[in-house]
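Asker: So that we are looking at the same thing, I have put the structure below in structure tokens.
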Amino acid sequence: MVSPFRVRPKRGAVELLRIAHRTRFTTVPGELSMPRQPLELLKGTLDVVILTTLSRGPLHGYGISRWVREATEEAFSIDEGALYPALRRLERKGFLEAEWGVTDTGREARFYRLTGDGRDELESGVRTWERYVSAMGRVLRSSAAG
């Protein structure tokens, strides 16, 4: 069984996940709210999303996928075909460690947790995304200004 240690996430890491999904519905004056289409993760974002998720504590693959869907109000959904290869890749790079444990439903599963190198990689990824979001905001504001 995996020890239930908890690592407090950096506030910026969780906030980056929330930026893209502040509201689930598009509101246009005079029109009914319409559900938004799910967003595709941009190239290079999956690792940051996984590391951010695991900064909250160890989880198995399905738990990671479920947390991302819930945290983004279903704006992001990670397919198993992308999630498990990414977890193995991050483990090979030394950013994650995995051990077998038992889920809440009594099934055996691999639980993943961040390593020190994984926390460093997350911090680097968050800084990169903060720069990206800031630059994109400047572009969008300048476009709206005319």
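Asker: Hey, does segment 129-142 have a residue that's closer than 16 Å to Thr53 by Cβ and either under 14 Å from the mean Cα position of the chain (by Cα) or aliphatic (A, V, I, L, M) (or both)?
Answerer: yes
Asker: I would also like to ask the following. Residues that are loosely packed, with under 15 Cβ neighbours inside 10 Å and modelled with pLDDT under 90: find the helices (runs of 4 or more DSSP H) completely inside segment 1-82 holding 1 or more of those.
Answerer: Working: elements: 11-19, 46-54, 61-71.
Result: 11-19.
Asker: List pairs: first in segment 57-82 and under 14 Å from Glu40 (Cβ atoms), second hydroxyl-bearing (Ser, Thr, Tyr) and surrounded by 18 or more Cβ atoms within 10 Å (Cβ to Cβ), Cβ under 7 Å, 6+ apart or cross-chain?
Answerer: From residues that are under 14 Å from Glu40 (Cβ atoms), the pairs are Val68/Thr53; Ile78/Ser65.
Asker: Let me ask you something else. Is it the case that segment 84-100 has a residue that's of a type in the set (Phe, Trp, Tyr) and not in a helix (DSSP H, G or I)?
Answerer: Yes - at least one qualifying residue is present in segment 84-100.
Asker: Also, quick follow-up: Within segment 83-117, can you find the residues that are surrounded by 13 or more Cβ atoms within 10 Å (Cβ to Cβ), hydrophobic (A, V, I, L, M, F, W, C) and more than 17 Å from the chain's Cα centre (by Cα)?
Answerer: Matches in segment 83-117: Ala98, Val102, Ala109.
The values are calculated or read from the model by the stated rules, or taken from the named source; none is laboratory data. As the structure is a prediction and not an experimental result, all values here were calculated from the model. Because the Cβ atoms are built from the backbone with ideal geometry, glycine has one as well, and the counts that use them run over all protein chains shown.
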